[in-house]
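Here is the structure we will look at.
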Amino acid sequence: MSVTDQPAAEPADLSHREVLVIISGLMMAMLLAALDQTIVASAMRVVADDLNGLSIQAWATTAYLITATITTPLYGKLSDLYGRKPLILIAMAIFLVGSALSGFATTMYELAVFRAVQGLGAGGLFSLVLAIIGDIVSPRERARYQGYFLAVFATSSVLGPVVGGFFAGTGEILGITGWRWVFLINVPVGLLAIAVVIKVLHIPHVRREHRIDWPGALALTMGLVPLLIVAEQGRQWGWGSARALTLIGVGVVGLVLFVLAERRIGDDALIPLKHFRNRTFVIANGAGVVIGMGMFGGLAVLPLYLQIVKGASPTAAGLLLIPMTLGMMSGSVISGRAIARTGRYKVFPVVGTALIVVGLLLFSRIGVDTPLWQTGLYMLVFGLGLGFNMQPLMLAVQSALPPRDMGVATSSATFFRQMGGTLGTAVFLSILFSTVGDRITDAFRTVAPTPEFRAAISDPAVLADPATRPALDVINGNPAGLSLDDSSFLNLLDPRLAKPFLIGFSESMSTVFLVAAGIVAVGFLLVVFLREVPLSSKSGLVAQREQREAAAAAAVAGD
């Protein structure tokens, strides 16, 4: 063993109290990322309406996911080389800068740029937190501690939408537009999280000889960014347009260069190609991609259904998502305890993926007149499926790779799930807004002969109302004049004239849910073939120590 490989102090088993102290800091970091996702999702309609960009809101979400996805494997690799603590602090600092900038955006495109900065930091938060847990807690014992992280997710899932709805529904706070606090609230929370992490996160790290895979990082960026932009803009440009085909070509070249770069640099690659010969690694991450597409697609459309079709305020929409949160918590607790007791995990992603498919199929049946209690039951099924998948697939990937590659294993699982989520959000919102215009027109044709509708268009007061103009554009055969960049006109429109718009939106959303169900069904087929890897009873730090001791003993014996 070379001098550079020698640790200053060998890691020992941590006591339960020491683990809890470290977890307290990690919980703050995870709260930062989890709250941001739920707060922004519940307020996005108000943000987009205010910035006059509802139909391009995917840019704000997609930009965040693109940068978070691309940087995730880089954080994982660098944390294996330089330690988790400095990398997670860097990630949190970048995230706070992006949050502050997002709070002062003046256009949707500007917001997208600042959200991209946020994503540069967010890429390290979830993956590094999970990697640290893998370092200090054995796979079978992780279920013992996951309740603390479930509390964070539960808090953010319930509190986030409520807080986001409150900010979005408030005109001004301290002289600043209410929705801007959706982003600005991250600043004080993040500063507190940084202080806690600096104080409590002290785990040993062993440096080793390395090369940083900058060519791979650049090639990955070149490959993914153009393809994800096409996924977002293809419906406007035309999927066969020159711009779309050019970007697709650039993306394909970038992915080829990424593979070549990873092959050249070998074990120092962001995602070493040798791992793709590991069946568990490939199947678990492949399932993560397709499940991520369905999960993020559903999560992007559900709040829009509740706010646009059902007329819920952002705050009410957040509260209406509680059944899904309860399902996620229940699924995570059930699976975590069973895995800790038996050491077996495959059954949960199989059952969980099936439940996600069922939940999406049920969502495809909801419409304008579907009672909220029924939608809540469907959310419970969907959430239960998500809860069954959260921990097992990550455990599978972590257990499939050597302990020294804990950062790579965790970040790769997060990367592929995020990549699926990025594609899912862009593609499903593109499907929604590319079909909703025709669905609204068809709904007007269907509703036009009804007595209620005829009475509405014969009412002079209704016709004189400026809010009626969008409906008249469609009725007079000018749907092209209809802009859906700001859906707030639906709140002012006569309910009899608003109904065709709501029907059109709900039918387009049903199409999205059906497509998502078909994609997640592919994930179900993948997890059926997942090979179950025995879960170790040793933490990552202990396993790495034993490997170094064995290597040192072998070297001495060889001498």
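Working only within the range 368-425, note down all residues that are at pLDDT 80 or above, under 18 Å from the mean Cα position of the chain (by Cα) and within 30 Å of A443 (Cα to Cα).
M379, F382, G424
Being surrounded by 18 or more Cβ atoms within 10 Å (Cβ to Cβ), touching a Pro at 6+ places or on another chain (Cβ under 8 Å) and outside any helix (DSSP H, G or I) is the filter here; which residues of the range 304-344 pass it?
L321
When you go through A100, A68, A60 one by one, which is the residue that is over 27 Å from A409 (Cα atoms) and surrounded by 24 or more Cβ atoms within 10 Å (Cβ to Cβ)? Talk me through it step by step, then tell me what you get.
Details: A100 fails: surrounded by 24 or more Cβ atoms within 10 Å (Cβ to Cβ); A68 fails: over 27 Å from A409 (Cα atoms).
Answer to the selection: A60.
Scan the range 264-285 and give yes if some residue there is under 17 Å from L218 (Cβ atoms), in contact with a Ser or Thr (Cβ under 8 Å, 6 or more places away or on another chain) and part of a helix (DSSP H, G or I), otherwise no.
For the range 264-285, residues under 17 Å from L218 (Cβ atoms), in contact with a Ser or Thr (Cβ under 8 Å, 6 or more places away or on another chain) and part of a helix (DSSP H, G or I): absent.
Quick one: would you say L130 is modelled with pLDDT of 75 or more, among the hydrophobic types (A, V, I, L, M, F, W, C) and open to solvent by 20 Å² or more (accessible area, probe 1.4 Å)?
Here the answer is yes, as L130 does meet what is asked.
Run down R439, R454 and say which single residue is open to solvent by 50 Å² or more (accessible area, probe 1.4 Å), at pLDDT 80 or above and basic (K, R).
R439
Here are the criteria: (1) under 25 Å from M419 (Cβ atoms); (2) charged (D, E, K, R); (3) at pLDDT 75 or above; (4) surrounded by fewer than 24 Cβ atoms within 10 Å (Cβ to Cβ). Tell me which single one R142 does not satisfy.
(3)
Name the residues in the range 238-255 that are among the aliphatic types (A, V, I, L, M), open to solvent by less than 80 Å² (accessible area, probe 1.4 Å) and within 28 Å of the chain's Cα centre (by Cα), would you?
A244, L247, I248, V250, V252, V253, L255
If V347 passes every condition in (1) open to solvent by less than 10 Å² (accessible area, probe 1.4 Å); (2) out of contact with any helix residue (DSSP H, G or I) (no Cβ under 8 Å at 6 or more places or on another chain) but one, which one does it miss?
(1)
The values are calculated or read from the model by the stated rules, or taken from the named source; none is laboratory data. Quantities reported herein were computed from a predicted structural model and do not represent experimental measurements. Cβ coordinates were reconstructed from backbone atoms using ideal geometry, including for glycine residues, and neighbour counts include every protein chain displayed. When the accessible area is computed, the model is the full protein with side chains, heavy atoms only, and any ligands, DNA or RNA have been set aside. Shrake-Rupley method; radii C 1.70, N 1.55, O 1.52, S 1.80 Å.
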